[in-house]
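Input: a single structure, listed below in structure tokens.
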Amino acid sequence: MYKYGFQNYFEADFTAFYPEVMKGEHWINVYLNFDLSAETKLPGDLYDPSALVVFDREGEVQDFIVHDEGVDCEYKFTDREKEKMLSYIKEHDLI
């Protein structure tokens, strides 16, 4: 993850995901809480990160949003983190 402006860059090592899927008329929202490895050190301004992955009704990814304590924050996911989340979602047929 990294903060806007590419500050506080780190690569999160996910060890488990806990999904919640909400299907709407136009979007499929996959909320992912996750556990991080002991080696993953969060920056001081990121307390309880989670993810919202937004898909359209055809199953195409529209956005990956970092939440902190349940709300949008200034962090973004790295490409590697996005790949891991998308792989998990597809592997478990969540959409």
Near pairs, Cβ below 6 angstrom, 6+ apart or cross-chain, from the range 3-31 (within 13 Å of ALA51 (Cβ to Cβ)) to any residue that is among the aromatic types (Phe, Trp, Tyr): PHE14/PHE34; PHE17/PHE34; PHE17/TYR88; GLU20/TYR31
Members of the range 1-21 found to be hydroxyl-bearing (Ser, Thr, Tyr) and farther than 19 Å from ASP93 by Cβ, listed by number: TYR2, TYR4, TYR9, THR15
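Only the coordinates and a few stated rules stand behind these numbers; no lab work does. Being a predicted model, the structure only gives us computed values, none of them experimental. As a convention, Cβ positions derive from the backbone with ideal geometry for all residues, glycine included, and neighbour counts pool all protein chains shown.
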